[in-house]
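To start, the structure itself, in structure tokens.
The values are calculated or read from the model by the stated rules, or taken from the named source; none is laboratory data. Bear in mind that the values here come from a model prediction, so they are computed numbers and not experimental data. Neighbour counts run over all protein chains shown; Cβ positions are idealised from the backbone, glycine included. With ligands, DNA and RNA removed, areas are computed over all heavy atoms of the protein, side chains included. Shrake-Rupley method; radii C 1.70, N 1.55, O 1.52, S 1.80 Å.
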Amino acid sequence: MAIRSVGVLGCGLMGSGIAQVCAAAGYKTVVREVDEILLNKGIARIRKFVEDGVAKGKVSAEARDNTLGNLTGTTTFEDLEACDLIIEAIVENLEQKQQTYASLEPIVSDATIFVSNTSSLCITELAASTKRPDRFGGLHFFNPVPIMKLVEVIRALTTSDETYQAIYGFAQSLGKEPITAPDRPGFIVNRLLVPYLLDAIRAYEHGLGTLDDIDKGMKLGCGYPMGPFTLLDFVGLDTTYYIANIMFEEFREPAYAPPPLLKRMVLAGYLGRKSGRGFYTYSQ
């Protein structure tokens with residue numbers, strides 16, 4: 001399964017980052033968005049990232065030009081026809097993902113591999129909705145994609161050995177450090193991280209300390225790069241709430257149940273950095 005060209009579905013924060021690292025690794029990369037406005041915004045994000053890298057001396061002008069030269073944007077599925085691998089990074093909604101696969105399958109080759117960047121949905125369920133369950137897997141990247149080294153590689157029950165080896169090797173070719181994760185809600189990282197974040201919220205609700213004191217305690221006492229509330233705002237409170245609900249539905253363990261404060265903040269639109277307000281307030 002030689003991978004030479006890559007399609008990326010979605011050019012949001014995750015999709016644009018995935019498209020960037022694929023293009024930077026030398027793959028001809030086509031990123032698809034639903035309209036020109038979102039596409040142009042995503043391409044501009046990639047361009048700014050690599051331009052800033054040049055300005056800071058972290059990226060050569062040649063590497064910038066090669067990355068941008070390997071990248072093409074589109075609003076159609078037809079432009080993904082020749083892709084050997086397609087990485088889906090659209091909204092975290094089961095039905096929308098399944099509809100997207102159904103629209104794409106008649107266009108691409110039978111040999112094309114599909115992978116999802118989902119952070120919580122069942123890879124086997126996604127694979128089962130396609131006509132290529134043996135050529136379907138999960139590649140869970142972390143934000144910001146160009147910086148974070150980890151990629152979780154997830155096998156559906158139906159993923160063939162050949163497909164698994166191909167996507168694992170592909171992750172390595174991007175300069176990432178892949179790990180194999182089980183097809184269970186949260187995979188490895190979120191399975192361990194989300195209960196910690198939820199417990200921090202519960203502790204704050206019960207008066208354990210101020211936001212600053214809890215964050216500083218975990219940073220200076222445990223060596224974490226950021227405290228739980230800073231991290232929650234960075235990840236997005238809505239994203240954490242969504243993943244927690246899926247994990248609780250699967251396992252029915254209290255540790256995965258979203259605290260009342262988290263639910264109310266999401267309902268109020270306090271989603272973290274992206275909305276300008278979460279546990280902390282940010283200038284837009």
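Determine whether E205 is among the acidic types (D, E), within 24 Å of R155 (Cβ to Cβ) and surrounded by fewer than 17 Cβ atoms within 10 Å (Cβ to Cβ).
Working: among the acidic types (D, E): yes; within 24 Å of R155 (Cβ to Cβ): no; surrounded by fewer than 17 Cβ atoms within 10 Å (Cβ to Cβ): yes.
Judged against the criteria, E205 is not a match.
Could you check segment 169-183 and list, in sequence order, the residues that are assigned to a strand (DSSP E or B) and of a type in the set (S, T, Y)? Write out each step before concluding.
Restricting attention to segment 169-183, the residues satisfying the condition of being assigned to a strand (DSSP E or B) are 177-181.
Residue satisfying the conditions is T180 alone.
How many residues are in a helix (DSSP H, G or I), closer than 20 Å to T230 by Cβ and either at pLDDT 95 or above or of a type in the set (A, V, I, L, M) (or both) when one looks only at segment 242-262?
The initial filter retains those residues of segment 242-262 that are in a helix (DSSP H, G or I), namely 242-251, 254-256, 260-262.
The next check asks that each one be closer than 20 Å to T230 by Cβ; those that pass are 242-244, 261-262.
Narrowing the set further to residues that are either at pLDDT 95 or above or of a type in the set (A, V, I, L, M) (or both) leaves 243-244, 261-262.
So the count comes out to 4.
Those residues that are touching a helix residue (DSSP H, G or I) at 6+ places or on another chain (Cβ under 7 Å) and open to solvent by 40 Å² or more (accessible area, probe 1.4 Å), I need them from segment 231-258; list them, please.
Result: F234, D238, Y241, F248, A255.
Restricting attention to segment 184-202, which residues are assigned to a loop (DSSP other than H, G, I, E, B), open to solvent by 50 Å² or more (accessible area, probe 1.4 Å) and at pLDDT below 95? Lay out the reasoning, then the answer.
Our first condition is that a residue be assigned to a loop (DSSP other than H, G, I, E, B); within segment 184-202, this holds for 184-188.
Next, from what is left, pick out any that are open to solvent by 50 Å² or more (accessible area, probe 1.4 Å): 184, 188.
Across segment 184-202, the qualifying residue is only R184.
Among the residues of segment 211-230, write down those that are in contact with a helix residue (DSSP H, G or I) (Cβ under 8 Å, 6 or more places away or on another chain) and part of a loop (DSSP other than H, G, I, E, B).
Residues of segment 211-230 in contact with a helix residue (DSSP H, G or I) (Cβ under 8 Å, 6 or more places away or on another chain): 211, 214-215, 218, 224-230.
Those that are in contact with a helix residue (DSSP H, G or I) (Cβ under 8 Å, 6 or more places away or on another chain) and part of a loop (DSSP other than H, G, I, E, B): Y224, P225, M226, G227.
Name the pairs: first residue in segment 237-249 and of a type in the set (D, E), second residue open to solvent by 10 Å² or more (accessible area, probe 1.4 Å), Cβ to Cβ under 6 Å, at least 6 apart or on different chains?
Cβ pairs passing all conditions: D238/V266; D238/L271.
When residues of segment 82-100 are filtered for being buried (at least 16 other Cβ atoms within 10 Å of the Cβ) and in a loop (DSSP other than H, G, I, E, B), how many remain?
So the count comes out to 5.
Kindly list, by first and then second residue, each pair from a residue in segment 95-109 that is more than 15 Å from E81 (Cβ to Cβ) and at pLDDT below 95 to a residue that is open to solvent by less than 60 Å² (accessible area, probe 1.4 Å) and among the basic types (K, R), limited to pairs with Cβ atoms under 9 Å and residues at least 6 apart or on different chains.
Matching pairs, first to second residue: none at all.
Can you tell me which residues in segment 136-164 are touching a residue at least 60 places away in the same chain (Cβ under 8 Å) and not hydroxyl-bearing (S, T, Y)? Show your work before the answer.
First, the residues of segment 136-164 that are touching a residue at least 60 places away in the same chain (Cβ under 8 Å): 141, 143-146, 162-163.
Within segment 136-164, F141, N143, P144, V145, P146, E162 meet the criteria.
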